[in-house]
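The values are calculated or read from the model by the stated rules, or taken from the named source; none is laboratory data. Source: prediction; values computed, not measured. Here the Cβ positions follow ideal geometry from the backbone for every residue, glycine too, while neighbour counts run over all protein chains shown.
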Amino acid sequence: MDHSIDILENISTGIIGLDGRLTVVSINSAAQALLEVSMSRTIGVHADQLVLHPDEWLQDLKQALLNNAPLTQRGMTLNLLSGHEIHVDLTVNPVLDKQGEMGLLVEIQAIDRLLKISREESIQHAQETTKTVIRSLAHEIKNPLAGVRGAAQLLARELPGDHLGEYTQIIIKEADRLRDLVDRLLGPRQELSMAPLNIHEVLEHLRKLIRAESDNKVEILRDYDPSLPDTPGDKAQLIQAVLNIMRNALQAATQAEDCVLTLRTRSQRQFTIGATRHRLVCRVDISDNGPGIPENLMHAIFVPMVTGKAEGTGLGLAISQSIINHHGGLLECSSRPGKTTFTIFLPMETKDAQ
Ligand SMILES: Nc1ncnc2c1ncn2[C@@H]1O[C@H](COP(=O)(O)OP(=O)(O)OP(=O)(O)O)[C@@H](O)[C@H]1O
Ligand SMILES: [Mg+2]
């Protein structure tokens with residue numbers, strides 16, 4: 001059996017091979033993803049066709065070729081054909097091809113990605129701290145609360161007549177409410193029961209539910225990638241995670257003139273979450289046309305008990321994030337007035353692909 005690993009295809013750095021005339025002779029998956037181009041459109045194409053405004057990029061390539069010396073340029077901006085702009089570190093190495101002719105090996109490393117990874121790590125660290133605080137607080141609350149509830153029950157039995165029972169009932173009911181709140185704060189306790197699941201089934205189920213909740217007032221647009229393979233996940237918990245996000249989206253969209261949500265699915269290659277690089281992840285975008293997340297809340301929406309609503313408990317997103325993190329996934333958000341998008345990334349394989 002051949003156990004060799006295709007290093008070029010599995011590396012997160014974009015690699016492009018150019019011949020002496022600066023024509024593309026090879027391009028790995030990471031470079032295609034970074035430049036948002038496909039292999040079939042790029043092989044045989046001149047390097048100046050890969051990006052818009054290619055002057056600076058061409059200059060580096062030509063210089064490396066001319067001087068026959070490697071060149072590195074950090075923090076270069078590339079304008080992609082798609083209209084996006086990316087910031088990269090570029091390294092250009094002169095190499096000899098199999099015929100002995102001079103060519104170039106171009107390495108492209110996205111800087112945003114690196115910054116994002118360190119940001120993700122600090123977010124995860126902050127979440128761990130919050131969890132520890134919540135766990136000890138929950139313990140401190142639940143024990144005396146059980147005592148209060150038990151005492152109220154005993155009292156209810158000893159009280160003469162029914163008219164005072166109303167008060168003990170209030171104590172018991174409020175104690176139960178507080179216990180439920182603490183349980184929700186602690187998040188889902190059960191272990192994940194993972195099985196291959198069809199993410200579109202989950203989304204379709206929730207689409208019907210949310211439509212019903214809105215009295216059919218919401219329009220839910222779909223942009224699904226039908227070729228998406230099954231994703232390993234705990235169906236019940238993922239439904240909960242996505243439901244919390246969709247409920248927020250519905251609540252926000254009802255503030256717009258027409259109430260519209262959009263569900264979009266895609267597969268994404270070579271995606272790093274925390275320290276793990278996955279060959280394939282499933283991406284789900286949930287967008288609404290509501291007013292956007294208030295700026296003063298933006299940095300804290302995933303923190304438990306942070307809410308912008310009079311009736312909100314501020315737990316929905318904290319629970320969603322905890323479930324998605326348990327799956328080894330990532331929950332992100334971008335928001336401006338008229339368009340708020342929550343993006344879920346879920347690994348398609350649980351093993352580290354590196
Ligand atoms: N799609 C959205 N558009 C605008 N603001 C949002 C959106 N999603 C979340 N938010 C803001 O983030 C806050 C936190 O959301 P989260 O779901 O955690 O709590 P909540 O909705 O207030 O309460 P609940 O526990 O009932 O879900 C919300 O109160 C709201 O201000
Ligand atoms: Mg909510």
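Remarks
- Residues being over 14 Å from the mean Cα position of the chain (by Cα) and more than 12 Å from ligand 2 (Cβ to nearest atom) - total across region 309-329: 1
- Options Val306, Val281; residue that is more than 12 Å from ligand 2 (Cβ to nearest atom), modelled with pLDDT of 85 or more and farther than 24 Å from Glu257 by Cα: Val281
- Residue check, Ala138 assigned to a helix (DSSP H, G or I), in contact with a helix residue (DSSP H, G or I) (Cβ under 8 Å, 6 or more places away or on another chain), among the small types (Gly, Ala, Ser) and in contact (Cβ under 8 Å) with a residue 40 or more places away in the chain: yes
- Of all the listed residues (Gly328, Gly308), the sole one being among the small types (Gly, Ala, Ser), within 8 Å of ligand 1 (Cβ to nearest atom) and assigned by TED's automatic domain parsing to the domain that holds Gly233 is Gly308.
- When Asn296 is tested against (1) under 25 Å from Asn10 (Cα atoms); (2) free of Cβ contacts under 8 Å to residues at least 40 places away in the same chain, only condition (1) is not met.
- Residue within region 190-200 that is in a helix (DSSP H, G or I), within 22 Å of the chain's Cα centre (by Cα) and free of Cβ contacts under 8 Å to residues at least 60 places away in the same chain present: no
- The listed residues are Thr42, Thr77, and the only one of them that is in the same structural domain as Gln109 (by TED's automatic domain parsing), modelled with pLDDT under 90, out of contact with any helix residue (DSSP H, G or I) (no Cβ under 7 Å at 6 or more places or on another chain) and closer than 23 Å to Phe271 by Cβ turns out to be Thr77.
- The residues of region 230-278 that are surrounded by fewer than 17 Cβ atoms within 10 Å (Cβ to Cβ), among the hydroxyl-bearing types (Ser, Thr, Tyr) and modelled with pLDDT under 90 amount to a single one, Thr276.
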